[in-house]
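As structure tokens, the structure follows; a few thoughts come after it.
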Amino acid sequence: MTQSSLNRKLIQLLGVLLGIGIATWLLRGFGILTFIPGGVILLFFLGAIAIGLIAYAQKTWWRF
């Protein structure tokens, strides 16, 4: 797997996690998904932040 291919996959995963987190947060706010705890939404956002940091580090610092 090349560096750009890995970075592309990481960025896609970042978008998916961020999209799921925002959609879940909005639907919970509207009262549709009230059974989902806030910790799950927080995990989506923290996962997106972690993947974003890994993608940034992989693009700029790691030279494989």
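The values are calculated or read from the model by the stated rules, or taken from the named source; none is laboratory data. Note that the coordinates shown come from a computational prediction; the quantities given were computed from them, not determined experimentally. For neighbour counting, all protein chains shown are included, and Cβ atoms are generated from backbone atoms with ideal geometry for every residue, glycine included. Surface areas here come from the heavy atoms of the whole protein model, side chains and all, with no ligands, DNA or RNA. Shrake-Rupley method; radii C 1.70, N 1.55, O 1.52, S 1.80 Å.
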Checklist outcome for this item: Note on region 26-48: residues farther than 20 Å from residue 14 by Cβ and open to solvent by 60 Å² or more (accessible area, probe 1.4 Å) are 27, 28, 29, 30, 32, 34, 35, 37
Item to check | Of residues in region 5-25 being of a type outside the set (A, V, I, L, M) and open to solvent by 70 Å² or more (accessible area, probe 1.4 Å), the one farthest from residue 58 (Cα to Cα) | outcome: 25
Checklist entry - Is it the case that region 21-35 has a residue that's free of Cβ contacts under 8 Å to residues at least 40 places away in the same chain and under 11 Å from the mean Cα position of the chain (by Cα)? => result yes
